[in-house]
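Structure record follows, encoded as structure tokens.
The values are calculated or read from the model by the stated rules, or taken from the named source; none is laboratory data. Predicted, not measured: the structure shown is a model, and the values here were computed from it. Note that we place each Cβ from the backbone using ideal geometry, even for glycine, and neighbour counts take in every protein chain shown. To get the accessible areas, we keep the full protein, side chains included, count just its heavy atoms, and leave off ligands, DNA and RNA. Shrake-Rupley method; radii C 1.70, N 1.55, O 1.52, S 1.80 Å.
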Protein chains: 2
Amino acid sequence: MPDQTLPLDIFAAQNVVSLPKPRGGEDDHFAAVAEWLQSIPLEKTIGACLRQAIDEVLDGQRTGRFDVDDLEKTEKTYLGTKVEIIIRSALGLKKGPRMDYLIQGREVDSKFTIGKYWTIPREADGHICLLTSADDHDSVFRVGIVRINNSILNLGENRDGKRTLSAAGRQAVRWLVPEGKLPTNILMGLPEQDRVAIFAASDGYRGHGNGGQLRTNELFRRVQRKAVDRNTVLTVARQDDSPKRVRDARKKLRLEGIIILGHQSSHPRIARDLHLTVPEKGSWIAAKVTKVTSSCDRPKTEIDGELYAIAVTGETAEAPGTY
Amino acid sequence: MPDQTLPLDIFAAQNVVSLPKPRGGEDDHFAAVAEWLQSIPLEKTIGACLRQAIDEVLDGQRTGRFDVDDLEKTEKTYLGTKVEIIIRSALGLKKGPRMDYLIQGREVDSKFTIGKYWTIPREADGHICLLTSADDHDSVFRVGIVRINNSILNLGENRDGKRTLSAAGRQAVRWLVPEGKLPTNILMGLPEQDRVAIFAASDGYRGHGNGGQLRTNELFRRVQRKAVDRNTVLTVARQDDSPKRVRDARKKLRLEGIIILGHQSSHPRIARDLHLTVPEKGSWIAAKVTKVTSSCDRPKTEIDGELYAIAVTGETAEAPGTY
């Protein structure tokens, strides 16, 4: 993350600073904040922050939840605080004396909504707000900034004295990321029957073994040629060692002709050869493969002296022993 | 964690079950829940759960916070939800149809307070509540169970319609852990001057290096002969690779006669020899040492053919090159 240009010694130990108000009129302040935000890779950074915040509050590893609609009211409220904290940390911002962030010496408040409507507290009046929203069902998010004043808020207050941004208010927002691509929530995007099958894969399982392993196996049977992130594995396995679950799934699914590629050793090469997304650290991609000859004109890869391609319907799947 | 004795196939995929009400009167249900809770290592387990919940919501790595008094209102509210989730996961419990947990087939609600007063919602009337509280300043916590009814609640309601447990109510609680030892919050327990010095260790630091390293060094200068957990290092360093920060502190502080022991290689032996707590995985213990002869009657340890003891005031501190 880029450093701010403010001298570091104004930052006190407790991360809250007081400093002389920068010169210039309201428009200058707004422009300075907008300019700084546009100087950083905003879509990638905020998209990752929102994904992280949603995943942490869902707490899939402990709860098995993947749908924000399943959050309790206190969790939805807290999600806004988590977004504020994660963005502050990712952007290397400091807290302002009154508002959530200092950006180029200007106070900026963070407002997040998981829906369409931001609720604005009275104390934000006159302040610049960084507005973020995320729709985890459609994998989109928005980032904008606006200066709050009475004329852009609806009249009605909720019982905390907060008011929503009006239609005129939404017009007044300067959208910095009008339609960002939220990193995908794999489980959310699956057909219902696949999700049910994955979570039910350990039903009726007895003995002292590992039901989470059965669910992880089913995940990679049903999600192929698509990167699966660590959090998805944790949510399915409900255990903390996701790499171990994936390694064991790799052994098991080999017998069904499925390979699971990670970010290490020969895996990136195999992924590239097969025209699959190359997995980043902490993500994996599965595919059903079959042995082919050098005359096969589909993307193919050499493993242990044999050639493999993605299996198409009707072909016998066969995976290499080691890769 | 011990398994519950209920057959597993009553557990639906979504982790919520409906099942016939167990037989017996109210007292039998209460006794069954108490008995199960007393059959597990409750103090150790719940103590770890409360520590984990508090640390997660403080989010020290991102915020530098270590004091629950610095939590915002929404975070304090959410802390109760986090405690509920972590206890459910640690105890391997399922959600009940209406309440937070099913324990031996009985519905039990989770109620946590960071203060002294539990607030009870109307819908808990007639239900068994698992009460937990934590005081992170005094490092104590309590666990009890009580069946909620009108006679044990104070009259006044807050605006959410919740009421506090009355004095009679507190008498009615069956305390399962009346005064548990909460795993220590190292930073909270330090003298103010040490805390300030640790967080200020990177003040005025310039250049592209690592201010978090300077703070980590200062942490181990000031906290000696006491186990320092991973979360404390993360909170001080504000970075995600705490083992790396500790390794670098080890190199630096060696020049000042300070050793930092972990859980691996010769470290547990050295810790035992010096009568220090043997660090568990993800924790470390520092000590200033000095070379001694075999006639020294203080606890001593051999490293690289030399004998070392904890340095006392006035002695020249000297640490081994490798250990």
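Points worth noting:
- Hey, B:I128 under 21 Å from B:A34 (Cα atoms), without any contact (Cβ under 8 Å) to a residue 40 or more places away in the chain and outside the structural domain of B:K252 (by TED's automatic domain parsing) or not: no
- The sole residue among A:E107, A:E56 that is closer than 20 Å to B:E72 by Cα and within 10 Å of another protein chain (Cβ to nearest Cβ) is A:E56.
- Residue list for the range A:69-91, restricted to those being in a loop (DSSP other than H, G, I, E, B) and more than 10 Å from every other protein chain (Cβ to nearest Cβ): A:L91
- Here is the figure for the range B:41-68: residues that are charged (D, E, K, R), assigned to a helix (DSSP H, G or I) and touching a residue at least 12 places away in the same chain (Cβ under 8 Å) total 5.
- Single match in A:L253, A:L274 (criterion: out of contact with any Gly (no Cβ under 9 Å at 6 or more places or on another chain) and either under 15 Å from A:F220 (Cα atoms) or touching a residue at least 60 places away in the same chain (Cβ under 8 Å) (or both)): A:L253
- Only a single item in (1) within 18 Å of B:I198 (Cα to Cα); (2) modelled with pLDDT under 95; (3) among the hydrophobic types (A, V, I, L, M, F, W, C) is not met by B:L253, and it is number (2).
- Out of A:G60, A:G115, A:G92, sole residue that is under 15 Å from A:M188 (Cβ atoms), assigned by TED's automatic domain parsing to the domain that holds A:G156 and not aliphatic (A, V, I, L, M): A:G60
- Within the range A:203-221, considering residues that are open to solvent by 60 Å² or more (accessible area, probe 1.4 Å) and closer than 16 Å to A:A249 by Cβ, the one nearest to the other protein chains (Cβ to nearest Cβ): A:Y205
- Matching residues in the range B:96-108 - criterion: being under 15 Å from B:E123 (Cβ atoms) and open to solvent by 20 Å² or more (accessible area, probe 1.4 Å): B:P97, B:R98, B:D100, B:E107
- Here A:E107 passes the criteria (1) over 30 Å from A:P191 (Cβ atoms); (2) assigned by TED's automatic domain parsing to the domain that holds A:N150; (3) outside any strand (DSSP E or B) except the one numbered (3).
- With respect to (1) over 22 Å from A:G64 (Cα atoms); (2) open to solvent by 10 Å² or more (accessible area, probe 1.4 Å); (3) touching a helix residue (DSSP H, G or I) at 6+ places or on another chain (Cβ under 6 Å), the lone exception for A:I260 is condition (2).
- Looking at B:T45, B:T63, just one residue is among the polar types (S, T, N, Q), more than 11 Å from chain A (Cβ to nearest Cβ) and either more than 19 Å from A:K76 (Cβ to Cβ) or open to solvent by 10 Å² or more (accessible area, probe 1.4 Å) (or both), and that residue is B:T45.
- The C-beta contact set for the range A:70-85 (first residue under 11 Å from A:F112 (Cα atoms), second residue of a type in the set (D, E), distance under 7 angstrom, 6+ apart or interchain) comprises A:Y78/B:E75; A:T81/B:E72; A:T81/B:E75; A:K82/A:E56; A:E84/A:D100.
- For the range A:263-296, residues that are surrounded by fewer than 17 Cβ atoms within 10 Å (Cβ to Cβ) and not acidic (D, E) total 16.
- Selection count where residues are part of a helix (DSSP H, G or I) and open to solvent by 10 Å² or more (accessible area, probe 1.4 Å), scope the range B:113-151: 4
- Search result, residues across the range A:278-296 that are under 17 Å from the mean Cα position of the chain (by Cα) and not acidic (D, E): A:P279, A:K281, A:G282, A:S283, A:W284
- Taken over the range B:303-323, the criterion of being within 15 Å of B:H275 (Cα to Cα) and at pLDDT below 95 is satisfied by B:V312 alone.
- Hey, B:G92 in contact (Cβ under 8 Å) with a residue 60 or more places away in the chain, within 22 Å of A:Q61 (Cα to Cα) and surrounded by 20 or more Cβ atoms within 10 Å (Cβ to Cβ) or not: no
- Inspection of the range B:224-237 identifies no residue that is in contact (Cβ under 8 Å) with a residue 12 or more places away in the chain, away from every other protein chain (no Cβ under 14 Å), open to solvent by 60 Å² or more (accessible area, probe 1.4 Å) and among the β-branched types (V, I, T).
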